[in-house]
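Asker: Okay, here's the structure, questions in a sec.
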Amino acid sequence: MLRLYIQMYRNGKLKMENEKLYNKKSLKAEEFINHEEVLRTLDYAEKNKNNLELIDKILEKARPVKNGNETHCQGLTHEEASILLACEDKNVLKKIYDLAEEIKHAFYGERIVIFAPLYLSNYCVNGCIYCPYHNQNHHIPRKKLTQEEVKAEVIALQDMGHKRLAIESGEDPVNNPIEYILECINTIYSIKHKNGAIRRVNVNIAATTVENYRKLKEAGIGTYILFQETYHKESYEKLHPTGPKHNYAYHTEAMDRAMEGGIDDVGLGVLFGLERYKYEFAALLMHAEHLEAVHGVGPHTISVPRVKKADDIDPTKFDNGIDDETFAKIVALTRIAVPYTGIIISTRESQAVREKLLKLGVSQVSGASRTSVGGYTEEERPTETEQFDVSDQRTLDEVVRWLLQLGHIPSFCTACYREGRTGERFMSMCKTGHIQNCCQPNALITLKEFLMDYASEETKKIGEEFILKELDKVENESVKKILTNNLKEIENGKRDFRF
Ligand code: SAM
């Protein structure tokens, strides 16, 4: 009997030693994205998915609350949000969608920020199974933009009306060292073509060192974006069999290093399709909770890409693809769980899917994207170096017109980061709803610039009428006066006003 107890004690102790403890304040990946905690959460969610009393309480907690002229939202924990995700009740789903819309409206109004990706180089030393840039792909042409080519791409993007870019690059310390990325950022900011300017460069490059993050910060980047791809360590290691990206901890702890390097706006993301979505969703929220707990500020944005067809990549080979309905539910619950975080949807998604998600919480979309290196200077959309198939292939003018017709305000605003409203400062303004006083007028100012400089006659007509209606809705008289004046000055040829 005693022997049996000793054996049980030993087994228990061994199990405890193997299981790292969940600690959202830890700086170790396996502790803040703790596998056992994710499994416990999913199990708890499954057991409570029909507990309608608890579900109603969770929805109630997430509701925006008005206090004087401030609106607050508590958000949800990964556990609470996972219960809602597990629930299959149709009435609850309707409540989730309604609440997501309400929160979206309370904090973002009708504004949708527009950006474009710019691919600098597809040289890559990693072996990511889902990406056509993997280093075993020997038939894809490898290309890296020269500074002259960067300039030409940026002029093409400025001529469409873009003001905000996300630069993308494969990981290759020899071909794309940090000095190359910094040189490109410098080139991008230096180009002022006609009335054009790129005013914010976000960066989506592989996990790097604190020192390199500091250099990116000094180069004036906006958000540092890094998709986790999957939070499931075992799958992560299989999906990234070779190259520096194989290191799960180094990749998962990148945002902490970025913040240590002074970057206070970071963008998370999961590549949906690689692992079970419920696992990814719980872990993504744990990552957001970790950043908030350690750095006092959660993620600036969350991206929700789905695996797409690409050169030698067949998305049906991945077992965990999600349908449009599940995808919409994930977006809505992300909006509810992290109400102050921007949600980005790219042109990987079709016009119809994007249209549905705009209402449910998306705050940023890419427009007229080309995902190949050097794609913007080509007349025809080139596909040979494309990173993935683009579903939404409309021009920027068409995207702007579409947003206007749906009642959204297309915004090219980049004011926050240029006014130092980043990190904690941005979040505290967001959390009280005060950011609206800046965002709304800035959206109208940048839309006006677009209409004056780049829009077709049809878009211009719709846009001008839209601006007049929105101007009428501005309640603060002094803001209205300044805004009216700025809009007039833009007609007279002046540019770059901001609140
Ligand atoms: N190389 C950088 C890194 O290691 O994180 C990031 C740049 S990569 C050009 C941008 C993102 O594209 C990746 O993080 C991945 O999530 C996504 N991606 C890669 N292959 C894809 C595919 N077939 N379909 C959709 N998205 C894909």
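Asker: Collect the residues in segment 41-77 that are assigned to a helix (DSSP H, G or I) and in contact with a Phe, Trp or Tyr (Cβ under 8 Å, 6 or more places away or on another chain), keeping them in residue-number order. Even if it seems obvious, please write down each step before you answer.
Answerer: So the first thing to find is which residues in segment 41-77 are assigned to a helix (DSSP H, G or I), and the list is 41-47, 52-62.
Result: Leu42, single match.
Asker: Still on this structure, please answer the following. Working carefully through the options His138, His105, find the one that is under 21 Å from the mean Cα position of the chain (by Cα), away from the ligand (no atom under 16 Å from the Cβ) and not hydroxyl-bearing (Ser, Thr, Tyr).
Answerer: Working: His138 fails: under 21 Å from the mean Cα position of the chain (by Cα).
Testing whether each residue is under 21 Å from the mean Cα position of the chain (by Cα), away from the ligand (no atom under 16 Å from the Cβ) and not hydroxyl-bearing (Ser, Thr, Tyr) leaves just His105.
Asker: On the basis of being surrounded by 21 or more Cβ atoms within 10 Å (Cβ to Cβ) and more than 30 Å from Gln147 (Cβ to Cβ), does Cys439 make the cut?
Answerer: Numbers: surrounded by 21 or more Cβ atoms within 10 Å (Cβ to Cβ): yes; more than 30 Å from Gln147 (Cβ to Cβ): yes.
Judged against the criteria, Cys439 is a match.
Asker: While we're looking at this one, here's another question. Those residues that are β-branched (Val, Ile, Thr) and within 11 Å of the ligand (Cβ to nearest atom), I need them from segment 182-206; list them, please. Working first, answer last.
Answerer: Going through segment 182-206, the residues β-branched (Val, Ile, Thr) turn out to be 185, 187-188, 191, 198, 201, 203, 205.
Hits for segment 182-206 are Val203, Ile205.
Asker: Right, another one. Looking at this structure, is Ala328 surrounded by fewer than 23 Cβ atoms within 10 Å (Cβ to Cβ) and either under 26 Å from Ser411 (Cα atoms) or acidic (Asp, Glu) (or both)? Before you say what the answer is, go through the steps one by one.
Answerer: Working: surrounded by fewer than 23 Cβ atoms within 10 Å (Cβ to Cβ): yes; either under 26 Å from Ser411 (Cα atoms) or acidic (Asp, Glu) (or both): yes.
Yes, satisfied.
Asker: OK, next. Can you say whether Gly296 is on the phi > 0 side of the Ramachandran plot and either within 15 Å of the ligand (Cβ to nearest atom) or outside the structural domain of Gln364 (by TED's automatic domain parsing) (or both), as far as the supplied structure shows?
Answerer: On the way: on the phi > 0 side of the Ramachandran plot: yes; either within 15 Å of the ligand (Cβ to nearest atom) or outside the structural domain of Gln364 (by TED's automatic domain parsing) (or both): no.
Spelling it out, it is not the case that Gly296 is on the phi > 0 side of the Ramachandran plot and either within 15 Å of the ligand (Cβ to nearest atom) or outside the structural domain of Gln364 (by TED's automatic domain parsing) (or both).
Asker: Shifting gears a bit: Of everything in segment 405-435, what is among the hydrophobic types (A, V, I, L, M, F, W, C) and in a loop (DSSP other than H, G, I, E, B)? Give them in sequence order. Give the steps one after another, and end with the answer.
Answerer: If we filter segment 405-435 for residues that are among the hydrophobic types (A, V, I, L, M, F, W, C), which is where we start, we get 406, 409, 412-413, 415-416, 426-427, 429-430, 435.
Passing the criteria: Leu406, Phe412, Cys413, Ile435.
Asker: Here's a follow-up. Report yes if Leu271 is in contact (Cβ under 8 Å) with a residue 60 or more places away in the chain and within 11 Å of the ligand (Cβ to nearest atom), otherwise no. Write out each step before concluding.
Answerer: Working: in contact (Cβ under 8 Å) with a residue 60 or more places away in the chain: yes; within 11 Å of the ligand (Cβ to nearest atom): yes.
Judged against the criteria, Leu271 is a match.
Asker: Looking at segment 483-499, which of its residues are surrounded by 15 or more Cβ atoms within 10 Å (Cβ to Cβ) and not in a loop (DSSP other than H, G, I, E, B)?
Answerer: Pass one, segment 483-499, residues surrounded by 15 or more Cβ atoms within 10 Å (Cβ to Cβ): 483, 486-487, 490, 495-499.
Matches in segment 483-499: Leu483, Asn486, Leu487, Ile490.
Asker: Do you know which residues across segment 31-50 are under 21 Å from Glu292 (Cβ atoms), surrounded by fewer than 18 Cβ atoms within 10 Å (Cβ to Cβ) and acidic (Asp, Glu)?
Answerer: Across segment 31-50, the qualifying residue is only Glu31.
Asker: Would you be able to tell me the number of residues in segment 218-235 that are assigned to a strand (DSSP E or B) and either hydroxyl-bearing (Ser, Thr, Tyr) or modelled with pLDDT under 95 (or both)?
Answerer: Here the count works out to 1.
Yes or no, residue by residue, for (1) surrounded by 21 or more Cβ atoms within 10 Å (Cβ to Cβ); (2) under 19 Å from the mean Cα position of the chain (by Cα); (3) within 16 Å of the ligand (Cβ to nearest atom):
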residue	(1), (2), (3)
Ile221	yes, yes, yes
Leu226	yes, yes, yes
Glu234	no, no, no
Asn247	no, no, yes
Gly267	yes, yes, yes
Glu289	no, yes, no
Asp314	no, no, yes
Asn320	no, no, yes
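Asker: Do the conditions hold for Thr326, that is, is it within 16 Å of the ligand (Cβ to nearest atom) and more than 18 Å from the chain's Cα centre (by Cα)? Can you show your working first?
Answerer: Working: within 16 Å of the ligand (Cβ to nearest atom): no; more than 18 Å from the chain's Cα centre (by Cα): yes.
The answer is no for Thr326.
Asker: Filter segment 388-438 down to the residues that are modelled with pLDDT under 90 and touching a strand residue (DSSP E or B) at 6+ places or on another chain (Cβ under 7 Å) and list them by number.
Answerer: Of everything in segment 388-438, those that are modelled with pLDDT under 90 and touching a strand residue (DSSP E or B) at 6+ places or on another chain (Cβ under 7 Å) turn out to be Phe388, Asp389, Tyr417, Lys431, Thr432, Gly433.
Asker: Considering only segment 151-179, state which residues are among the β-branched types (Val, Ile, Thr), away from the ligand (no atom under 14 Å from the Cβ) and surrounded by fewer than 22 Cβ atoms within 10 Å (Cβ to Cβ).
Answerer: Of all residues in segment 151-179, those among the β-branched types (Val, Ile, Thr) come to 154-155, 167, 174, 178.
Within this subset, residues satisfying the condition of being away from the ligand (no atom under 14 Å from the Cβ) are 154-155, 174.
Matches in segment 151-179: Ile155, Val174.
Asker: Determine, yes or no, whether Gly321 is touching a strand residue (DSSP E or B) at 6+ places or on another chain (Cβ under 6 Å) and small (Gly, Ala, Ser).
Answerer: Working: touching a strand residue (DSSP E or B) at 6+ places or on another chain (Cβ under 6 Å): no; small (Gly, Ala, Ser): yes.
It is false that Gly321 is touching a strand residue (DSSP E or B) at 6+ places or on another chain (Cβ under 6 Å) and small (Gly, Ala, Ser).
The values are calculated or read from the model by the stated rules, or taken from the named source; none is laboratory data. It should be emphasised that the depicted structure is a prediction, and the values quoted were computed from it without experimental measurement. Heads up, the Cβs are rebuilt from the backbone with ideal geometry, glycines too, and the neighbour counts pull from every protein chain shown.
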